[in-house]
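Structure record follows, encoded as structure tokens.
The values are calculated or read from the model by the stated rules, or taken from the named source; none is laboratory data. None of these values were measured; they are calculated from a predicted model. Don't worry about glycine lacking a Cβ; one is built from the backbone with ideal geometry, like all the others, and counts go over all protein chains shown.
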């Protein structure tokens, strides 16, 4: 796994260019202390509490890489509702020697918009081949949210690619999160690099991955067992009757 090429080596925040660290998005915990993010392994996870800025950071990296802000490949150029920050303008990317043959930005909250744009593009007459078949035999809008997520990863991700995923577990059952983990491993073995923002203790278990917590002091590296996601899930499952009594006030 560690022999996979790294297409993106480093992301640096040009702090001297930031106009004001007291305004959004520079005041987010993940950004206010951020200096650089160095990639050393094919899979890097960003974790943190809601509002910590992990999704904002991964979105900014995606936009700096010229992916569409709402998701898709670099060929997508639609804009349903402008909502991304200007953080990407202050990032400097250090790329690897090798160039990816494939790439995609999956943003869970706007994937519905990507599926709609695919239908729109395929409905326009022209010589270009339809896009939808590259996502599988069934139309994305004819599947559940979780099914369409897996269809994307299983059919559209071709390997030797750079993939950015923002909370891909959002629509996936635990079983399908494990299916995603298996597919991720196959793609890593096929020379791919992943940057993933997640809350999923299942996805975080991928062996050898870098796990970085978005913290006001910057990005902190941690082991799987040190993550809050692992510890809280473990404690709840091991002691759920007592935990429920405490949470529901039935003691």
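Please list, ordered by residue number, the helices (runs of 4 or more DSSP H) wholly in the range 162-251 having 1 or more residues that are touching a residue at least 60 places away in the same chain (Cβ under 8 Å) and surrounded by fewer than 14 Cβ atoms within 10 Å (Cβ to Cβ).
Fully inside the range 162-251 and qualifying: 174-189.
Taking only the range 115-127 into account, find how many residues are touching a helix residue (DSSP H, G or I) at 6+ places or on another chain (Cβ under 8 Å) and either touching a residue at least 12 places away in the same chain (Cβ under 8 Å) or not in a helix (DSSP H, G or I) (or both).
So the count comes out to 4.
Can you tell me which residues in the range 107-133 are at pLDDT 75 or above and loosely packed, with under 13 Cβ neighbours inside 10 Å?
120, 123, 124, 125, 129, 130, 133
If a residue has to be assigned to a loop (DSSP other than H, G, I, E, B) and in contact (Cβ under 8 Å) with a residue 12 or more places away in the chain to count, how many in the range 1-33 make the cut?
Number of matching residues: 13.
Consider residue 49 carefully, then state whether it is modelled with pLDDT of 95 or more, within 17 Å of the chain's Cα centre (by Cα) and surrounded by fewer than 16 Cβ atoms within 10 Å (Cβ to Cβ).
no
Check residue 181 against each of (1) in contact with a helix residue (DSSP H, G or I) (Cβ under 8 Å, 6 or more places away or on another chain); (2) more than 24 Å from residue 111 (Cβ to Cβ); (3) modelled with pLDDT of 95 or more and name the one condition it does not meet.
Result: residue 181 passes all but (2).
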